[in-house]
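Below: the structure, in C-alpha cells.
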Amino acid sequence: MRLARFVGYRLVTAVPVIFGIIVLNFLLIHLAPGDAASVLAGESGAATPEYMDELRHKFGLDQSLVMQFVNYVTNMAHFSLGYSYRNDTDVSSLIVERLGPTCLLMLTAFGTALALGIILGLVAATGRNTWRDSVISLVSLVAYATPGFWLGLMMIVILSIRLGWLPTSGYDTVGAGLEGWAHVRDVGRHLVMPAASLALFYLALYARLMRASVLEQTGMDYVTTARAKGQTERRIMTGHVLRNALLPIVTLAGVQAGNLIGGSIVVETVFGWPGIGTLAFNALQSRDLNLLLAIFFISACLVVIINIIVDVLYFTLDPRMET
Amino acid sequence: MANDPQLNKITRRTALSLPLGLAASSPVVSGFAKAEEKPGEPVRGGTMVMIVQPEPPTLAHYAVTAGSIPLIATQIYEGLVTYDWDQNLKPHLATSWDIAPDGKSITFKLREGVLFHNGKPFTSADVQFSFMEILKKYHPFAPLFLADLTGVDTPDELTAVLRFENPAPYLMKALAGRDMPMMCKSVFEGTPILQNPSANRPIGTGPFKFGQWERGQFVRLDRNEKYWKPGLPYLDHIIARFIPDAATRSAALETGEAHFASYSAINYADLDRMKSNPILDTTMKGYEMTPALSVLELNAKHPPLDKKEVRQAIAYAIDRKVILRDVMYGYGQPATGPLSRLFKSVGFYTDDVRNYDVPDRLEIANKLLDAAGLPRGANGMRFSVHLEVNSFGEQWLRQAEYLKQALATVGIDLTLRSEDTATWLRRVYTNYDFDINEPFLSQGVDPVYGLNKQYLTSQIRKGVTFVNDSFYSNPEFDNILLTAMRESDHEKRAALYKKAQQILAEDCPLIWLIDVQYVSVFNRKLRDHTPGPLGPQQAFEQAWLEK
C-alpha cells in the first residue's frame, strides 16, 4: 500500500519534470545555429532563395519561436511526435523502426555485463589477493580502459576479415529472405560483436564495483556477528553480504539504464547497427528538430520510469529504506 | 542520330572498362590500364550489394540532389538520353532528337512501349509535366539549367518539343537520368510536389523498382520485369547498404559482403589495401562527367583579402603537390585554374592561365605581400585570418593543417575553425562571417554550372549555399559568361570560356587546389558495372554477378 502510494506520487511529480525537459530541450536546440533547410540545400550543392523559403515554410521554420513552440506542445498533447521533414516521414515510425534493434543490442549488452560483472566481482572479492582476483582485476582494468570503437574494429579485423566467422556489420543478412529460427540465428550472428564490444566496458565497471562493494561489506560488524553465530561462509555471503553489496550496483545500473534508449552512437556507427543513437546524431547534424526532440522526450520518460523502478528495487533489497 | 542502342550486348567499351588485373605499382594507375581481357557471358539473377555513403535523407531525386541520392535514384528514374564514353548523346527514353537551327527548340521522339513501375505508359505528357511542373520549379539546378526553358509542346503522345527563350547548349549534357529524371505525371498531378509520397517510394521507368527502405540499414531495389530493354536487367535485386563507419565499409568489401562502393565511400587511405585483396579491384572510370575541385574561397569583404596581390600570394604559397600526396593519397591532380581537366575532352579547359605552381613561388608570394603593404611583424607574421574547415570528412581537417603550415612560411597566420555542417554553412553563406572557406565544389556537366554559380555578380545571394560568397564582381567577366552560356557555336563558346578562365586566374577570387579523382572499388565477381561516363550514377542494368 505504502509502495503504491509512493509510485503514484512519483508518477505525478514526473509530469512537471517532463514538461520542464520538453521546454528546456526546445530552447536549447534552437540555440544551435543553422537550420534544416540550409543543411538540405547545402547537401544539394545549389538552391534558390525561393526554394529555401519554400523549404522553410514547409518545415514551419518561418514562424516565430513562440508559435513553433505552441505548435510543438499542441502536437505532443495530441500524442503526436510530429513529422520529420528531412526524412519525409512520421517521427514515430522512424523511432519505432529503431526501437527493436536498439533494445535488442542494449539489453543483451547490459544484461550480459550486469550478470557477468556481478559474478566476476564476487569471485574476485571472495578470492581476494589470489590469482583469480589478480586476473579479474587486470582484465577489467584493460577492458575499462579500451575504447569501444577500437575493440569493435579489432573484432571485425580478426573475426570477420581474417577468420570469416561473423558478418562485419548490419542487423541481418539483407536479401537472404531468412525466416523463423534461421533469421533469429542470423540476427544473433550480427549481434555478437556489437553486443560484446559494448558489454565489455560495462562489465569491467560492474566487476570492479562489485568487488569493492563486497570487500567493504565483509569488513562490517554484522558479518563478524554472523560468523560468531557460527554461520557458514557461504550462508554469510548469500544471505547477508550479497544483498547489501548489490545496492551500489543497482544505483549505478539505474543511472546507466537511462542510456539504454539512447543507444550507443559509437558502437552503432562501427557495426552499422540501426539504433537510435545514430538516428539522434544524424538528426542533430541535419537540424531535424522534431525527430531530435522526440528522441529526447522518449529518453526523458524512460529515465523517469527507470528511476521509479530502481527506487522500488531498493525497497525490496533493503526494507529500511524510507520514502 | 536515331539508332537504337545495341541491347543485350556488352560493347567493346564496357568490356574494356572491366579491370581484372592485379595491383599496379602506382596508386594513380587504376585497374583500367592493367586490364586483362576476360570475356564472359552475362548470367541472370543474383543480388548485388552496393555501399552508399551517407544514407540519403530522401529519394526525391527531382528536388534534392544530395550526393548519395543519384546512386539509388538513377536505378529507378531515367532520362531522355544517356551518354557514350565520348560524351555524345545516346538514345534512351527518347529515340531521336532534333535541334532547331536557331537553337531555341529541341524535338524529342519518345520510345514506344515504355512503362512506369505503376503500369502507366510513358508519354510526352510525362515529359511536359516532369520539366515544367517538377524540375523547373523544384530542381536545385533549375535556375541555371532550365531558366531559359519556356515550355514543352506535346504534338502527339510520342513527341515532346522543348522550347527555349535563348539557345541552351549547356543543357545537352544534362539530359540523363542523373540530372533531368523523368517522372510519372499521374503520380504527382494535383498533389503538392514536395509532399508527394514518392519522395520515399519513387516510381520511374528504370530497370529497377523501389522495393523497401529500412532506415539506417538498406534500400532494396527489385528487378523491373517489364523493363523496355528486353532481357535486362540481369540482376534480381540491388541492395544499397548504409554503413556509417569508414573502416567497416572497407571491411564489408574485403569479406565479400558488399560488391561495389563508389565516390568517397572508401577512404583513399584504404585503397592500397583494397587493391592487394585478390577478390577486389578498383577503377577510376565512370567519373568523366563528374568534375569536382577542392578550393579555397576568399572573402573579398575582409581586408586584406580584398587585395588581388594578397589573394595571389596565398595561391603561390600553397604547394598543391603536397596536398595531393598527403591528403588525397595521390588521387587527382593539382588544379591549374577554375575548370576541371575533365572539360578538356569537350574543349573547354585551358591551362594557358596564370601559373601559380612555379619554382620561385615563395619568393613571388613574399614580394606580393610586401608590395601590398603587409610587412612581417615581430613574430614573423604579416596578418591573421581564420579558415573555416569543411565539415564533410576528416580529410579536410588534414588539408587545413597543411594550409596553416604553408601560409605560415609566407607570414600569414591561419587559425582553423571546425564546426558542424549546419553551423558552418550558416556562418559562411548566411552570416558571411568568414575569411577563408574550404569547400569542395562539384562542377556539373557544363561550365555554366561551375562558373556561373560561383563567380557571377548575380550569384552573390545571401543565405544560399555554395554560390558566390567571395563577392567576386567583374562586369566584363559577367558579360563573357552570359554570352558563352547562350552561344550555340562550340568553337566560339570554347574561346569565351578560355578568356573567362584567364580572367579568373588573374583576379584569383578563389584558390583552386585539387582536381578531384573518385575511385570505385568492386568485387571481381561483379561485371559490367561501369558502362558509361556517368558510372555509379547510371543504372546497373547491364551489371551481372559471376556464379
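Every number in this text was worked out from the coordinates using simple rules, so none of it is lab data. Keep in mind it's a predicted model, so treat the numbers as computed, not measured. FYI the Cβ positions are ideal-geometry reconstructions off the backbone, even for glycines, and counts take in every protein chain you see.
When ranked by the protection proxy of mean other Cβ atoms within 10 Å per residue, highest first, what sequence do the peptides B:524-531, B:372-379 form?
B:524-531, B:372-379
Principal semi-axes of the equivalent ellipsoid, √(5λ) from the alpha carbon gyration tensor of the protein assembly as shown, are 53, 33, 29 Å from largest down. Helix B:475-486 and the long axis of chain B differ in direction by around 10°, with both axes built from C-alpha atoms.
Projected over every direction and averaged, the convex hull enclosing the alpha-carbon atoms of chain A yields 22.7 nm².
Given points 7 Å out from each Cα along the Cα-Cβ axis, report the A:ASN307 to A:TYR144 separation in nanometres with one decimal. Each label point is offset 7 Å from its Cα along the Cβ direction, giving 2.6 nm.
Which pairs, out of B:LYS285/B:LYS404; B:LYS90/B:LYS226; B:LYS307/B:LYS462; B:LYS120/B:LYS525; B:LYS301/B:LYS462, put more than 25 Å between their alpha-carbon atoms? Too far apart for the 25 Å limit: B:LYS285/B:LYS404; B:LYS120/B:LYS525. How many angstrom lie between the Cα centre of the stretch A:213-287 and the Cα centre of the stretch B:336-368? Measuring centre to centre over Cα atoms gives 63 Å. Net charge in the neighbourhood of B:LEU414 (other residues with Cβ under 13 Å of its Cβ; Lys, Arg +1, Asp, Glu -1) is -2. For chain A, the residue among A:ILE136, A:PHE149, A:LEU293 whose Cα projects farthest onto the positive side of the dipole built from Cβ charges is A:ILE136. With Cα atoms defining each centre, the stretch B:515-531 and the stretch A:79-96 are spaced 36 Å apart in the structure.
With no solvent and one equal point scatterer placed on each C-alpha of the stretch B:302-402, evaluate the Debye formula and give log10 I(q)/I(0) for q = 0.14, 0.17, 0.18, 0.25 Å⁻¹, two decimals. Treating every Cα as an identical point scatterer, log10 I(q)/I(0) equals -0.70, -0.99, -1.08, -1.35.
The order of A:ARG2, A:ARG235, A:ARG98, B:ARG426, going from fewest to most other C-beta atoms within 10 Å of their C-beta, is A:ARG2, A:ARG235, B:ARG426, A:ARG98.
Neighbouring Cβ atoms from other chains, within 10 Å of the Cβ of residues in B:238-248, number 6 on average.
Summing Cβ point charges (Lys, Arg +1; Asp, Glu -1) relative to the Cα centre of the protein assembly as shown gives a dipole of roughly 2280 debye.
Starting with the fewest neighbours, write out A:TYR314, A:TYR51 ranked by other beta-carbon atoms found within 10 Å of each beta-carbon.
On the way: A:TYR314 16, A:TYR51 23.
Ascending number of Cβ neighbours within 10 Å: A:TYR314, A:TYR51.
With the helix formula -39500 (n - 2.57) applied to DSSP H stretches of n ≥ 4, chain B reaches a computed 222 nm mean residue ellipticity of -6000 deg cm²/dmol.
Sorting B:442-453, A:222-233 by their mean Cβ neighbour count within 10 Å, with the most densely packed peptide first, gives B:442-453, A:222-233. Across peptide A:50-60, the mean count of Cβ atoms from other chains lying within 10 Å of each residue's own Cβ comes to 3.
Beta bridges assigned by DSSP with both partners in chain B are antiparallel in approximately 75 percent of cases.
Against chain A, whose longest principal axis is taken from its Cα atoms, helix A:131-145 shows a tilt of about 10°.
By DSSP, the beta bridges lying fully in the protein assembly as shown are antiparallel in about 75 percent of cases. Separation of the stretch B:213-289 from the stretch B:99-134 is 31 Å, based on Cα centroids. Calculate, in whole percent, how much of the Cα-Cα pair population of chain B lies beyond 30 Å. Of all Cα-Cα pairs in chain B, 52 percent lie more than 30 Å apart. Here the label points at B:SER276 and A:SER80, each 7 Å from Cα along the C-beta direction, are separated by 5.8 nm in the simple model.
Placing +1 on the Cβ of every Lys and Arg and -1 on the Cβ of every Asp and Glu, with nothing else charged, gives chain A a dipole about its Cα centre of roughly 1680 debye. Take each residue in A:171-179, count the other chain C-beta atoms within 10 Å of its C-beta, and the mean is 4.
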